[in-house]
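Enquirer: Encoded as structure tokens, here's the structure I'll be asking about.
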Amino acid sequence: MKTLLFLVLISVCWAEPHPGNSSLEHERIIHIQENGPRLLVVAEQAKTFSHRGGNVTLPCKFYHEHTSTAGSGTHKIRVKWTKLTSDYLKEVDVFVAMGHHRKSYGNYQGRVFLRESSENDASLIITNIILEDYGRYKCEVIEGLEDDTAVVALNLEGVVFPYSPRLGRYNLNFHEAQRSCLEQDAVIASFDQLYDAWRSGLDWCNAGWLSDGSVQYPITKPREPCGGKNTMPGVRNYGFWDKDKSRYDVFCFTSNFNGRFYYLIHPTKLTYDEAVQACLKDGAQIAKVGQIFAAWKLLGYDRCDVGWLADGSVRYPISRPRKRCSPNEAAVRFVGFPDKKHKLYGVYCFRTYN
């Protein structure tokens, strides 16, 4: 037993660094240098802002922790950009660069490239932004066995609006909800977009799908049919539901557009089919729901005349509340889905700029 204790004490003493032994200290420093300086990837800002049709730069730079140089020169630098899905379950490839080799993917092809303003600049430029570009992007830099990442969010100026089809309330599964938004010049909204809309005053009692597969709704004025009048304002969460079987409304997001939204001055009121033809004759198309919301929210479009839209609904946009025209609030007023063959209204058209 004494012999064992003696050996343990010797081992402990041998393991302790000797403050006066410079050779041991020197060996420790050399060991760190052999591993090389640690690679760091940094995003100068966590969020960027743009709009549909615009350009944006997602910032990303890489450094070594103990040097100011971009790379060690031993290995080629590989830069990879991916987009995180709204549920964070997978990543979508956007762009990869290594040496002189460059590759972009999917609908990013021809629209993305590296800024490369310096040797350590891995920032990504996205041109001609589309609605689907909204979201979080990951910048990954790889050098040999070292790698690091940074995440940057791309936010778009736009508007969130609730949508339900002619069939009525709670008739869309998740996939149908996605298609409905696309048909109305929009995409299904994310939680962050709905939350921002709620903070801006959006109040809607019907629950709707969001892009992560959850079902939620925003309440600014608590009341009995919407969770109870004694509850706090907020975005109410129904949780995640079966995307194929569960049916709700949907919250869509749209941004500005490359065209002109307008009410067609016509000598008579029109049926739906007549409205479609009237817009075509004027060199335009009947407007979509997303376009009336974008014109109202982003351009301040205001018109008290009710008019047909492409989905067969009748609506009108009010930015300046007044008597007989949404006296209590600015809103896109929904009249309903009238009989297409017999009801007569005006029409809102949309002409795309060349």
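Enquirer: State the answer as a single residue: which of I130, H75, S104 lies farthest towards the positive end of the charge dipole of the chain, with beta carbon charges of +1 for Lys and Arg and -1 for Asp and Glu, about the Cα centre.
Expert: I130
Enquirer: Can you give me the P(r) profile for region 158-254? Cα pairs, bins 10 angstrom wide beginning at 0, each as a whole percent.
Expert: Percent of Cα pairs in each bin: 18, 51, 28, 3.
Enquirer: When you count, for each residue, the other Cβ atoms within 10 Å and take the mean per peptide, how do 75-83, 316-324 rank with the highest first? Don't jump to the answer; show the numbers that get you there.
Expert: Values: 75-83: 19.1, 316-324: 14.4.
So the order, starting with the most tightly packed, is 75-83, 316-324.
Enquirer: Taking the Cα centre of each part, how many Å lie between region 127-178 and region 203-272?
Expert: Centre-to-centre distance over Cα atoms comes out at 17 Å.
Enquirer: Select from region 266-354 those chymotrypsin sites (Phe, Trp or Tyr not before Pro) which occupy a DSSP coil region and have at most 11 other Cβ atoms within 10 Å, ordered by residue number.
Expert: Working: sites: Y272, F293, W296, Y301, W308, F334, Y345, Y348, F350, Y353; in loops: Y301, Y353.
Of the chymotrypsin sites (Phe, Trp or Tyr not before Pro), the ones in loops of region 266-354 whose Cβ has at most 11 other Cβ atoms within 10 Å are Y353.
Enquirer: Compute the Cα gyration tensor for region 256-352, then decide on rounded, prolate or oblate, letting a ≥ b ≥ c be the square roots of its eigenvalues: rounded whenever a/c is under 1.5, prolate when a/b is larger than b/c in the other cases, and oblate in all that remain.
Expert: Working: a/c = 1.89, a/b = 1.23, b/c = 1.54.
The shape class here is oblate.
Enquirer: Then there's this: So in the chain, what percent of DSSP beta bridges are antiparallel if you round to the nearest 5? Don't skip to the answer; put the middle values down first.
Expert: On the way: 72 of 80 bridges.
Approximately 90 percent, going by the DSSP bridge assignments.
Enquirer: Pop the C-beta distance of K341 and I130 into the FRET formula with R0 = 41 Å and round what comes out to the nearest 0.05.
Expert: Values: r = 36 Å, r/R0 = 0.88.
The calculated FRET efficiency here is 0.70.
Enquirer: I'd like to check one number: the per residue accessible area of region 158-254, probe 1.4 Å, reported in Å² as a whole number. Intermediate values should be presented prior to the final figure.
Expert: On the way: 4570 Å² over 97 residues.
Result: 47 Å² per residue.
Enquirer: Sticking with this structure for a sec: Quick one: net charge around N171, please, counting Lys, Arg +1 and Asp, Glu -1 for every other residue with C-beta under 10 Å from its C-beta. Walk me through the intermediate numbers first.
Expert: On the way: positive: R166, R169, R247; negative: E176, D249.
Around N171, the charge tally is +1.
Enquirer: Measuring with a 1.4 Å probe in the full set of protein chains, what accessible area per residue, in whole Å², belongs to region 256-352? Please list the in-between numbers first.
Expert: Values: 5030 Å² over 97 residues.
Per-residue accessible area for region 256-352 comes out at 52 Å².
Enquirer: Could you check how much of the accessible area of region 158-254 is carbon and sulfur, as a whole percent, using a 1.4 Å probe? Walk me through the intermediate numbers first.
Expert: On the way: 2360 of 4570 Å².
Of all accessible area on region 158-254, carbon and sulfur atoms account for 52 percent.
Enquirer: Tell me, which longest segment in the chain has none of the GluC sites (Glu not before Pro) that fall in DSSP loops with at most 12 further Cβ atoms within 10 Å? Walk me through the numbers on the way to the answer.
Expert: Working: sites that count: E44, E65, E119, E329.
Counting at most 12 other Cβ atoms within 10 Å as exposed, the longest clean stretch of the chain is 120-328.
Enquirer: Moving on to the next point. So which trypsin sites (Lys or Arg not before Pro) in region 134-187 are both in a DSSP loop and have at most 15 other Cβ atoms within 10 Å of their Cβ?
Expert: Working: sites: R136, K138, R166, R169, R179; in loops: R166, R169.
Answer in residue order: R166, R169.
Enquirer: Scan region 88-118 for chymotrypsin sites (Phe, Trp or Tyr not before Pro) in coil per DSSP, keeping those whose Cβ has at most 11 other Cβ atoms within 10 Å, and list them by number. Write out the running numbers ahead of the final one.
Expert: Values: sites: Y88, F95, Y105, Y108, F113; in loops: Y88, Y105.
Listed in order of number, the matching sites are Y88.
The values are calculated or read from the model by the stated rules, or taken from the named source; none is laboratory data. Everything numeric here is computed off the predicted structure, so don't read it as measured data. No Cβ is skipped: glycine too gets one built from the backbone with ideal geometry, and neighbour counts run over all protein chains shown. Heavy atoms of the whole protein, side chains included, go into the accessibility calculation; ligands, DNA and RNA do not. Shrake-Rupley method; radii C 1.70, N 1.55, O 1.52, S 1.80 Å.
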